[in-house]
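Novice: Before anything else, here's the structure in question.
What follows is calculated from the coordinates using simple rules that are stated; it is not laboratory data. Keep in mind it's a predicted model, so treat the numbers as computed, not measured. When we count neighbours, we look across all protein chains shown, and the Cβ atoms used for this are built from the backbone with ideal geometry, even at glycine.
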Amino acid sequence: MKMQKIVWNYRRKTMYRVLVVDDEPSICKALEMGLSPGDFEVDVSTDGNGGILLGSQRPYDILIADLCLPDMDGLDVIREIKRISPEIIPIVITGNGSMESSIEAIHLEVSDYLEKPLNMESVKSAITRGIENRAMQRKTMRKKLQQMLEIYKEKFSDLSGVEANTRNTRSDQLSETIPMFVHQINNPLMSIVGSAELGMLKLSDTGAIKQYFAGIIEAVEKINTINKKIIKLQHPSEENIERLDIGDIINDCLNMFKDLMTLKEIPLEKDQRSLDLPVFGNKFGLEQLFNNLILNAIDSMDGMPEKRLKIWTEVDENASMISVYIEDTGCGIPKQAMDKIFTPYFTSKKHGTGLGLSVVKGIVERHTGKIHVESEAGKGTRFKVNLPAINSQRSYQRQDMR
């Protein structure tokens, strides 16, 4: 079967964009010639308003600005461009520095303060220091986000542990919904973290900011939906059954984890053969089914030398059953655990609730389907979900999941 290969990877910059604002054409030319080859892309302006205009038209990594400009103060230029691009690295150059301007530069978080005449090596060193400091700040922020996520996981794990210890009591019949709720909100929570981290990595790109934070908003909306519907998973008679397209369901699930896969540099290969063969089912339940399987696959590949997620669909000869395959190159499942993975509260994860696959199995069975798993420790896992199609006519065509 021919796969459509899609790689969601964050492309790290190999060339930094530099904006030079100085009223001396000779300095602009020297910086343009000295920085351009290989590592830098340089734009120049000989006045402050022109520099602000350039800064509003495209994102820059570094701003090199003279303090004394013909139309305005260089610090005002820095202030305005930082308002547009908060993560830009400002470097001041001047022939007439003062204590007052130095203090103001500190308030504006200017990365470096260079005096004329300029030495190109000093300029490059100042740029390198600024880039390294910004990378360190981003790393610190990502670490804080990861710590927040671990705190969430620990709290969720504590809740599920309490439930596991009391689930044989009569009152536990009601409280068992709590860890299930906790487990399900983990999925969009991971999406939130992925989108937020990528948003921070591209704070200087306003277009990217809108895209990544739109992903955050969408994930939060999914949490609100889960809050309202999670209880219905335990009451099949209350589920809304409707005609659904499996491809649309899988697309929605993949989109939720797109940023997380980008962050973890996991390429996706997918092929969907579907289908004039939709299914009858509960949309929320099927979304949780595939969300769990996809997130498990993503988590299993942490630290693995080769990362790849494959998703494809097949139809049987009678066109009566749709099979969805989800395959990863993760750590795999130990043989001794294979017969326990669908058991409630069984988990091999440090902060797992042990509910994900038991939820998956319950949803599959309520849709009169079947689930199979093949796994090899250290090499990966393949899940196969069989769901009955609505009609029996064998008629399908290739439909890429976009």
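Novice: For D71 and E265, what does the FRET efficiency come to when R0 = 45 Å and r is the distance between their Cβ atoms, rounded to the nearest 0.05? Intermediate results must be reported in sequence, preceding the final value.
Specialist: Numbers: r = 46 Å, r/R0 = 1.01.
Approximately 0.50, to the nearest 0.05.
Novice: Same structure again: Using the structure shown, select from K307/K370; K310/K340; K139/K384; K82/K307 the pairs with a Cα to Cα distance greater than 30 angstrom. Don't skip to the answer; put the middle values down first.
Specialist: Working: K307/K370 27 Å; K310/K340 24 Å; K139/K384 38 Å; K82/K307 38 Å.
Long pairs (Cα-Cα over 30 Å): K139/K384; K82/K307.
Novice: How would you rank 324-331, 19-26, highest first, on the average number of other Cβ atoms within 10 Å across their residues?
Specialist: Values: 324-331: 21.5, 19-26: 19.5.
Ranked from most to least packed, the peptides come out as 324-331, 19-26.
Novice: May I ask you to compute the full-extension gain from E32 to D316, defined as 0.36 nm times their residue separation minus their alpha-carbon distance, rounded to one decimal in nm?
Specialist: Contour length minus the Cα-Cα distance gives 95.9 nm.
Novice: Can you tell me how much longer the chain between R129 and Q57 gets when fully stretched, taken as 0.36 nm per residue apart minus their C-alpha distance, in nm with one decimal?
Specialist: In short, 23.3 nm is gained.
Novice: For segment 16-118, compute Rg over Rh where Rg is the Cα radius of gyration and Rh is the Kirkwood radius from the inverse mean 1/r over Cα pairs. Before the final figure, lay out the partial values.
Specialist: Numbers: Rg = 12.3 Å, Rh = 13.3 Å.
Dividing the radius of gyration by the Kirkwood radius yields 0.92.
Novice: May I ask you to derive the FRET efficiency for T140 and R79 from their Cβ-Cβ distance with R0 = 30 Å, giving the value to the nearest 0.05?
Specialist: 0.75
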